Amino acid sequence: MNFNYQLKCNTCESLIDVRVGMSNRDETPMRFACVNCGEPIHIIYPRKGGIKIKGAVSLPFEGPFDGSNPFVDLHIDFPVSFEPYVMGMTAFMKGVQRIGYENYQVHNHRLNALNFLYPKVDTIKRVMRLYDKNPDLFGRLCKKEFSEELRSSEQKDLNLALYAVIAKVFFPFSMPNENAESVNIFMRVTRDLMQGKKEAFDKFIRDIISNDFLKNLQKDCLEIYPEILKYELVFRPALFFDFDQQYQNELVAFRVSTDEFLTYKDLYKDISEIMSRQLVLIAGINNIILRGDHNEFGDFGKRTPKSLNKYADVAFGQKIEFLDDCWYEIDESLYDNQLRNSIAHFKAEYDDVSQKITYYPRKEGMNQEKQETLFFMDFIRKCLLSYREMHRMHHLIKCLFNYYYIIYSEKA
């Protein structure tokens, strides 16, 4: 279902034609910026009651649009592009045409799951908080809210319940079978190290447990999950591109129909920081496989890290360089150090009307001349893919904990 509105901006009084595509979500908040003055305009369909409009007023309108005013397409479940109005070519229709009906059904299945799960943000926060503080309350909450039984208060069973809940709640953000494939990889490498290089592997486990590195890294990962669910609105159109083969080759400015860049820049930065630290685990295992010692890196000249502890201090964008012949396949495009640094150091600008992000990744003193650009949709897609990589490597954390609690020997 779609609704057409003619709005008058409260600030500049410009007329704007707006088509709103409805979602099955019980509350549908949408946002865009006035194309003339940049005034934020909100269109909200609440759980109960009628439509609410902020930043503009709705004028009597019978339609159809005649092209005399700027046109804005809105839909929280699909990306929309900056194109003139065409009757019938709604965001839904264009989306199904782009990916096909079968892929749309998968996309819609994930959206319906999010419709059910997104109100549980506070519950997920409580689960994460109680996990290592109050086993009894943690177990009761897992059973009541997610039908997961806590077998005992032993750490291995607390982990079992925790990761079962994560799997149930966050599956809509993953590709089908992606998590199972990652677990298989990590279990295989853990088994191989246990059978072939157990002494070196146990030494590695002992180090990352005794200095709380593994525990602290797990805690940081757990803090991200509620944020991902809290921001599910903006990830909905980004999930669509899992099935769109044209997207990577297009120069189209796809619009997100809710919120704006500044809300999410810290999320991207935080996920990048965690990924950087997760690479320490990848590097330690890589060193054991290739050289029999988690502290022994390949020869990279004077730049070679002297130990895994020193490697942890290597900058985010440079860590991959020291993973020679790595056992774990890494998508280097996700380690965008220039974008991460620009966001972290406030060297990024955002145009709310075009949804274009301009950032300055190079050191130029007081000048800012060499710029890079991407659109908000592209940025959200980067956030989603970075989250997935963090989530995949979190499975390694789970496997290492399982090894420590079930197999590892203190006598090693």
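The values are calculated or read from the model by the stated rules, or taken from the named source; none is laboratory data. No experiment lies behind these values; they were computed from the predicted model shown. In this analysis, Cβ positions are derived from the backbone assuming ideal geometry, glycine residues included, and neighbour counts consider all displayed protein chains. Calculation scope for accessible area: heavy atoms of the full protein, side chains included, ligands and nucleic acids excluded. Shrake-Rupley method; radii C 1.70, N 1.55, O 1.52, S 1.80 Å.
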Can you work out which of the residues in the range 14-31 that are charged (D, E, K, R) and farther than 18 Å from Phe116 by Cβ is nearest to the chain's Cα centre (by Cα)?
-> Arg31
Of the numbered conditions (1) over 24 Å from the mean Cα position of the chain (by Cα); (2) open to solvent by less than 80 Å² (accessible area, probe 1.4 Å); (3) within 24 Å of Asn10 (Cα to Cα), Phe82 fails exactly one; give the number of that condition.
-> (2)
Pull up the range 319-332, narrow it to residues that are open to solvent by less than 70 Å² (accessible area, probe 1.4 Å) and assigned to a helix (DSSP H, G or I), then point me to the one that is modelled with the highest pLDDT.
-> Phe322
Matching residues in the range 188-198 - criterion: being surrounded by 15 or more Cβ atoms within 10 Å (Cβ to Cβ) and under 27 Å from the mean Cα position of the chain (by Cα) | Val189, Thr190
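Here is a check on your reading of the model: is Asp336 of a type in the set (Asp, Glu) and at pLDDT 85 or above?
Answer is no for this residue.
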Number of the condition not met by Ile380 [criteria: (1) touching a residue at least 24 places away in the same chain (Cβ under 8 Å); (2) over 29 Å from Asn179 (Cβ atoms); (3) β-branched (Val, Ile, Thr)] | (2)
Note down all Cβ pairs under 8 Å where the first residue falls in the range 336-347 and is farther than 20 Å from Ile320 by Cα and assigned to a helix (DSSP H, G or I), the second is open to solvent by less than 40 Å² (accessible area, probe 1.4 Å) and modelled with pLDDT of 80 or more, and they're at least six residues apart or on different chains.
-> Ile343/Lys265; Ile343/Tyr268; Ile343/Tyr359
Hey, can you tell me all the residues within the range 349-361 that are out of contact with any Leu (no Cβ under 8 Å at 6 or more places or on another chain) and surrounded by 19 or more Cβ atoms within 10 Å (Cβ to Cβ)?
-> Gln355, Tyr360
Taking the range 144-174 and keeping only residues that are among the β-branched types (Val, Ile, Thr) and over 16 Å from Phe401 (Cβ atoms), one is left with Val169
If we scan the range 141-158, do we find a residue that is without any contact (Cβ under 8 Å) to a residue 24 or more places away in the chain, in contact with a Cys (Cβ under 9 Å, 6 or more places away or on another chain) and not hydrophobic (A, V, I, L, M, F, W, C)?
-> yes
Wholly within the range 92-182, which helices (runs of 4 or more DSSP H) include no fewer than the required count, namely at least 2 residues that are surrounded by fewer than 18 Cβ atoms within 10 Å (Cβ to Cβ) and among the aromatic types (Phe, Trp, Tyr)?
-> 101-117
For the range 384-403, does any single residue satisfy the condition of being modelled with pLDDT under 85, open to solvent by 30 Å² or more (accessible area, probe 1.4 Å) and outside any loop (DSSP other than H, G, I, E, B)?
-> no
Within the range 281-296, which residues are touching a residue at least 24 places away in the same chain (Cβ under 8 Å), open to solvent by 10 Å² or more (accessible area, probe 1.4 Å) and touching a helix residue (DSSP H, G or I) at 6+ places or on another chain (Cβ under 8 Å)?
-> Ile289, Gly292, Asp293
Answer yes or no: is there a residue in the range 94-112 that is touching a strand residue (DSSP E or B) at 6+ places or on another chain (Cβ under 9 Å) and free of Cβ contacts under 8 Å to residues at least 40 places away in the same chain.
-> yes
Residue in the range 16-26 that is part of a strand (DSSP E or B), touching a residue at least 60 places away in the same chain (Cβ under 8 Å), under 20 Å from Lys356 (Cβ atoms) and of a type outside the set (S, T, N, Q) present = no
Among the residues of the range 1-15, write down those that are of a type in the set (D, E, K, R) and either open to solvent by less than 10 Å² (accessible area, probe 1.4 Å) or free of Cβ contacts under 8 Å to residues at least 12 places away in the same chain (or both).
-> Glu13
What helices (runs of 4 or more DSSP H) lie completely within the range 199-318 and have 2 or more residues being more than 17 Å from Cys383 (Cβ to Cβ) and more than 20 Å from the chain's Cα centre (by Cα)?
-> 213-230, 265-291, 308-311
